[in-house]
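Enquirer: Submitted below is the structure of interest, expressed as structure tokens.
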Amino acid sequence: MKQIAILPITICLLLLAANAPHAMADEIHCSLCGQIISGQYMEYKTADGKKLSVCQHCADTKPKCALCGIPTNNRAGGGKPALCDNCRRTAMSCDRCGHLITGKYVTYRPAGKSEIRVCERCEQALLKCSVCGVPYKATDLRRSPNGQIWCTDCLAKAKICNLCKNPINGSYYEIPFLDGQWCADCFEHKLHCSTCGRPMDEPAASLFDGRHVCRECYKTSVTGTEKLEEIRDELVPEFRKLFGRPVHPPPIRAVAASELRGAMVEGEIYLPEDEEGKVPIVREMGLFRVRDGVQEILILDTMPEDMAWETVAHELAHAWHYQQHPMSRDPVIVEGFAQWTAEQLCYKTYHRTTLDRLRNREDFYGLAFRTMQQVELKDGTRGVLKALEENELPSGVGGY
């Protein structure tokens, strides 16, 4: 916040205008030299109401106060002008050039800092911080790569864009379960990773089905059916350990985004489209389906390894559920069980980097998962299996 002010020089000048030579008076001493005044003298009234009688010699020879114009014994020195005692107590210097403020000035009140007074000359001549708007000397400013000017205080508190590395002035974006933030320019105008959603200058890979993948996602990506089969086969024994009953693993295939989406539309699974009508980002990564009595798992080709483990575990849980209780259809129980099983298996197999996202999702899958967590806390794994068998949540546990 800034405030423009002007020193009360006008009042001082009016006081001076009222001062007039006086005729000689008996035993009047000059307020400056202390001598008895003989002849004409000047009488002044200061801003604090005091009267000064000044002989003509002092009025002609003494330095005048730079603010009120009244003669004073105080001399200029050290680069500072002469000031009378009264003005010396109230005088203000510019916090930028250090010179006495004798006219208009601007007051800035940065948040959490002392107010800053800037003379009119510095207000017009100095560069100002792009964030707080306060003028600074050039040595106290930094120019960011995008041309904005930052004072050292604002720069120290600024968030830095993960992509362009510029300090962020204004709005910014965060992506759930990813560290850091992105400036509006990068987030709104750059290409986004089809897996995690982060903006990027250039994708690490542009896949055969039109998806673009960032370096962070691509460096651990699982590609091809053979790798998915290895993950499936490692997870299969865990079902017997967890539930006491095995899963009969269906065939598994790595598929393009268009095939996965087509299979979901065919199965009447709702998928909202993105702005361009393309395959949505990070909404559905796999599908367990039964066609003409044949079970099959479809997994989106090329995704980070831990995400692939979570997705395969989720779809295997659907297969186990179907094989054990094919008539169980409550969507909260079906998806909550699959999410809960994926969380259990990823934790046991040390593929845990996706667990924070799995546990804290705010969509239907996240709420269904937490519902099944309530069942486990209330009745243990046995209660989870009972909910599947009866297709009903226990009393006291709310659904979606």
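Enquirer: Exactly one condition in (1) within 29 Å of Glu362 (Cβ to Cβ); (2) open to solvent by 60 Å² or more (accessible area, probe 1.4 Å) is false for Thr152; which is it?
Expert: Failed condition: (1).
Enquirer: Within region 52-73, is even one residue at pLDDT below 80 and either loosely packed, with under 14 Cβ neighbours inside 10 Å or out of contact with any Leu (no Cβ under 8 Å at 6 or more places or on another chain) (or both)?
Expert: So far as region 52-73 goes, no, none of its residues is at pLDDT below 80 and either loosely packed, with under 14 Cβ neighbours inside 10 Å or out of contact with any Leu (no Cβ under 8 Å at 6 or more places or on another chain) (or both).
Enquirer: Here's another thing I want to ask about it. Can you confirm whether region 359-370 contains a residue that is over 19 Å from Pro246 (Cβ atoms), surrounded by 15 or more Cβ atoms within 10 Å (Cβ to Cβ) and touching a residue at least 40 places away in the same chain (Cβ under 8 Å)?
Expert: no
Enquirer: Ok, one more. Within region 201-222, which residues are surrounded by 19 or more Cβ atoms within 10 Å (Cβ to Cβ) and under 27 Å from the mean Cα position of the chain (by Cα)?
Expert: Residues satisfying the conditions are Val213, Cys214, Cys217, Tyr218.
Enquirer: Can you tell me how many residues in region 239-279 are closer than 23 Å to Ser221 by Cβ and either at pLDDT below 85 or among the charged types (D, E, K, R) (or both)?
Expert: Residues that pass the stated criteria total 8.
Enquirer: Within region 307-355, restricting attention to residues that are among the β-branched types (Val, Ile, Thr), more than 17 Å from Leu367 (Cα to Cα) and open to solvent by less than 40 Å² (accessible area, probe 1.4 Å), which residue is nearest to the chain's Cα centre (by Cα)?
Expert: Taking the candidates together, the pick is Thr311.
Enquirer: Something else: Do the conditions hold for Arg240, that is, is it among the basic types (Lys, Arg) and in a loop (DSSP other than H, G, I, E, B)?
Expert: No; evaluated as a whole, the condition is false for this residue.
Conditions tested, residue by residue: (1) farther than 30 Å from Gln324 by Cβ; (2) among the hydrophobic types (A, V, I, L, M, F, W, C).
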| site | (1), (2) |
| --- | --- |
| Ile149 | yes, yes |
| Phe208 | yes, yes |
| Tyr218 | yes, no |
| Asp233 | no, no |
| Val236 | no, yes |
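Enquirer: While we're here: Within region 188-237, take every residue that is in a helix (DSSP H, G or I) and among the acidic types (Asp, Glu) and give me the one that is farthest from Ala313 (Cα to Cα).
Expert: Here the residue is Glu188.
Enquirer: If you take the residues of region 280-306 that are among the β-branched types (Val, Ile, Thr) and in a strand (DSSP E or B), which of them is most open to solvent (accessible area, probe 1.4 Å)?
Expert: So the residue we want is Val294.
Enquirer: Pairs please, first residue from region 132-151 and within 22 Å of Val106 (Cβ to Cβ), second anywhere and open to solvent by 20 Å² or more (accessible area, probe 1.4 Å) and hydroxyl-bearing (Ser, Thr, Tyr), Cβ atoms under 8 Å, 6+ apart in sequence or on different chains.
Expert: Every condition considered, the pairs that remain are Asp140/Thr152; Leu141/Thr152; Gln148/Ser130; Ile149/Ser130; Trp150/Ser130; Cys151/Tyr136.
Enquirer: Let me ask another. Starting from region 204-224, take each residue that is in contact (Cβ under 8 Å) with a residue 40 or more places away in the chain and list its partners that are open to solvent by 80 Å² or more (accessible area, probe 1.4 Å) and of a type in the set (Gly, Ala, Ser), counting only C-beta distances under 7 angstrom and pairs at least six apart or across chains.
Expert: Listed pairs, sorted by first residue: Asp209/Ser258.
The values are calculated or read from the model by the stated rules, or taken from the named source; none is laboratory data. Keep in mind the model is a prediction, meaning the values are calculated, not measured. Note that each Cβ is placed from the backbone with ideal geometry, even for glycine, and that neighbours are counted across all protein chains shown. Just the protein is used for accessible areas: all its heavy atoms, side chains included, with ligands, DNA and RNA removed. Shrake-Rupley method; radii C 1.70, N 1.55, O 1.52, S 1.80 Å.
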